[in-house]
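Below is one structure, written out as structure tokens; comments come after it.
The values are calculated or read from the model by the stated rules, or taken from the named source; none is laboratory data. All figures in this text were calculated on a predicted structure; none of them were measured in a lab. Because the Cβ atoms are built from the backbone with ideal geometry, glycine has one as well, and the counts that use them run over all protein chains shown.
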């Protein structure tokens, strides 16, 4: 029965966010403004302009806009990664 309550709590958190009332004031660290729940430790991201909580969609947009994209080259020399097989000796024949 406890797992049902935890499952329902999980979905409630996804839909409505943190349900605890004891939270810190909004503060900004590393270009991100958020509050922290003192009960569960969850970060609740805030808009700096409106000081309202951001939705999950807005948080994803914000993180993808600030994350630099890495370009990985796919043309690598295979000789440095794949060891060559030594030629078989015919001395034993």
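Some observations on this one:
- Filter pass, residue 79 being assigned to a helix (DSSP H, G or I), loosely packed, with under 10 Cβ neighbours inside 10 Å and modelled with pLDDT under 70: yes
- Hits in region 1-40 (condition: under 22 Å from the mean Cα position of the chain (by Cα), free of Cβ contacts under 8 Å to residues at least 12 places away in the same chain and under 17 Å from residue 52 (Cβ atoms)): 16, 27
- Every residue from region 8-24 that is within 18 Å of residue 59 (Cβ to Cβ), assigned to a loop (DSSP other than H, G, I, E, B) and out of contact with any helix residue (DSSP H, G or I) (no Cβ under 9 Å at 6 or more places or on another chain): 18, 24
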